[in-house]
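The next block holds one structure in the form of structure tokens; read it before the comments.
The values are calculated or read from the model by the stated rules, or taken from the named source; none is laboratory data. The model shown is predicted, which means the values in this text are computed figures rather than measured ones. Positions of Cβ are generated from backbone atoms using ideal geometry, with glycine treated the same way; all protein chains shown enter the neighbour counts. The protein model used for the area step is the full one, side chains on, heavy atoms only, and it has no ligands, DNA or RNA in it. Shrake-Rupley method; radii C 1.70, N 1.55, O 1.52, S 1.80 Å.
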Amino acid sequence: MSLLDSLRTHRLLAIVRGPDRAAALASVLTLADAGIALIEVSLTGAGALDTIRRARAALGADAQLGAGTVLSAEDAQRAADAGATFLVTPALAPSIAEAGRLGLPVLAGALTPSEVVQADASGAAAVKLFPASLGGPAYLGALRDPFPRTAFVPVGGVDADSARAYLDRGATAVGVGSPLLGDAVRGGDLGALRERAAAFRAGVAPS
């Protein structure tokens, strides 16, 4: 399944970023076991590339495991070498062109209409609306009129309450970090993470 098709189907991207590499890996594996199909490991987290590499080995070739906060061409290459199957950027960045060269789909970061145009023109699979909290669901709704065919994935400040509001305003999926991960990325309760994962999955399911 393509990245865009998976975003449309599952409607949730989990974002793992933390200071503890062992906890980050445990969080990724717990999320996958809890049925979260799309997981991004941010390169700003401790040992992120090693986390991606080890998660890929554990989850197998078919798991949709991405690298986030990918800015440079070098970042893109290292993420691909580690086993990332898609890349996520916080903004328009050189990594987008490199991802195209590598044949990896990209969720390209954009906020303004001009940036959305550039992200679409870059061949991005979808546009990461970031930081989504700056304009909220109403801003996404305003963008839908001039960009009816763009797949938007709001990220940044999305929690259980706002996720449904973004989807109702036309988001293809939502990206969620700390409201989903909680303290799990710092060695916290993985059982609680599993419960939050189930709640978020239910919350984004089509009504």
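Some points to look at:
- Residues satisfying the criterion are absent from region 152-175 (criterion: without any contact (Cβ under 8 Å) to a residue 24 or more places away in the chain and surrounded by 24 or more Cβ atoms within 10 Å (Cβ to Cβ)).
- Complete set of residues in region 90-103 that are surrounded by 20 or more Cβ atoms within 10 Å (Cβ to Cβ), among the small types (Gly, Ala, Ser) and in a helix (DSSP H, G or I): Ser95, Ala99
- Boolean, Leu29 is open to solvent by 40 Å² or more (accessible area, probe 1.4 Å) and more than 14 Å from the chain's Cα centre (by Cα): yes
- Members of region 120-175 that are of a type in the set (Val, Ile, Thr) and outside any loop (DSSP other than H, G, I, E, B): Val127, Val153, Val155, Val174
- Filter result for Gly141 (open to solvent by less than 60 Å² (accessible area, probe 1.4 Å) and at positive phi): no
- Selection from region 57-89 of residues that are surrounded by fewer than 19 Cβ atoms within 10 Å (Cβ to Cβ) and either acidic (Asp, Glu) or closer than 17 Å to Ala22 by Cβ (or both): Ala57, Ala58, Leu59, Asp62, Glu74, Asp81
- Residue in region 7-23 that is over 22 Å from Gly182 (Cα atoms) and not β-branched (Val, Ile, Thr) present: yes
- Identity of the residue in region 36-56, open to solvent by 30 Å² or more (accessible area, probe 1.4 Å) and not β-branched (Val, Ile, Thr), that ends up modelled with the lowest pLDDT: Ala46
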